[in-house]
């Protein structure tokens, strides 16, 4: 196998496994809520642990990939992530659960920054756009994870053995794949964060990914709860599953769509689909309208992150690893605010009304993406 193809293939394994592990955790959130008897506000508070821990891991991951190569942080972060996923299943108190989730989120941040940094290094080896396909494999892994979760839920297998088995298989595959990752990808410049004179290029991208994170992160955490408590579907993972399926489809075709209509129109189309999908599910909270609505949301939200990361990698001020670290800060803030806000609004009003937050975030992506591309035209 050609060297660049081998690096691409085995980095794709890590994107896939990351998706499996994340969706395994997210699909079991309704189980955690039931086991610990959390109300919506308490669940929202619990979910705050993830973005706070991610923020702690963010500067560390940025420093690691800028000072060293991305390969070491990838395997270290992934191993820690898989082990902490298993610990979530074994947590028998709220304190133990919080500790396991914090370690999980910290590890996930280190690994995600590392694999996205390496993805941009591999992207530069190709003449065509391939970054969307990496994120497509993350979503495909998410589909596999939700599919496995749906099977385990239907067979009434405990969350403890479910999470432990996924973690063990993931560690074995990652240990083998690590040897084929790209080496020596440390950038020569742009590795220092400059706090003065914020770069509008990065700020606009940060706002866009913040809004996308509110939608995407909120759907990860609350779609299962929506289907269980609003749609009243017994197999509550179905909504999350269809959301992930269409996220995956979107990311595999996003590179082609960008080539055909350009990034400005793709951002506008993505945002519009998010709004339409949420309004469908909220207005008609029955099984099929919600399923169709979640399809639209998944297809719309999916392409925003890979496009934003690709643009960040083209920053003239920062190296790819540092640029991704900076805009990921915005993403983490979106994930910090989104899920808890949904929990608090739901507890005060209803989950249906709370879901309108996602529609608002999707709507705001349109003017901010327009401002970004306008800024780019003026710079030329």
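Under 8 Å for C-alpha pairs, at least 6 residues apart: give me the relative contact order for region 239-354, rounded to a whole percent. Walk me through the intermediate numbers first.
Working: 114 pairs, mean separation 29.6, N = 116.
Averaging sequence separation for qualifying contacts and normalising by length gives 26 percent for region 239-354.
For an R0 of 35 angstrom, estimate the FRET efficiency from the Cβ-Cβ distance between residue 356 and residue 76 and round to the nearest 0.05. That pair, residue 356 with residue 76, gives E of 0.30. Measuring nothing but how far apart in sequence close Cα pairs (under 8 Å, 6+ apart) lie, relative to its length, region 1-115 scores a relative contact order of 34 percent.
Note that region 215-320 carries a Kirkwood radius of 14.3 Å, evaluated over its alpha carbons pair by pair.
Peptide packing: for 309-321, 108-120, 249-261, the average count of neighbouring Cβ atoms within 10 Å per residue gives the ranking 108-120, 309-321, 249-261, highest mean first.
In the chain, Cα pairs under 8 Å separated by at least six residues give a relative contact order of 26 percent. Averaged over residues, the count of other Cβ atoms within 10 Å places the peptides 213-226, 361-374 in the sequence 213-226, 361-374, highest first. For region 1-133, the alpha carbon convex hull comes to 112 Å³ per residue, rounded to a whole number.
Dimensions of region 37-113 based on its C-alpha atoms, expressed as ranges along the principal axes with the largest first, amount to 44, 22, 14 Å. A convex hull fitted around the alpha carbon atoms of region 271-312 yields 45 Å³ per residue.
Counting other Cβ atoms within 10 Å as a rough exposure proxy, the listed residues 204, 126 run 126, 204 from fewest neighbours to most. Using the average count of surrounding beta-carbon atoms within 10 Å as a protection proxy, the listed peptides 273-282, 17-26 rank, highest first, as 17-26, 273-282.
Readers should treat all values here as calculations from the given coordinates under stated rules, not as data from a laboratory. Keep in mind that this is a model prediction, so the values were computed, not measured. Cβ: placed from backbone, ideal geometry, glycine included. Neighbour counts: every protein chain shown.
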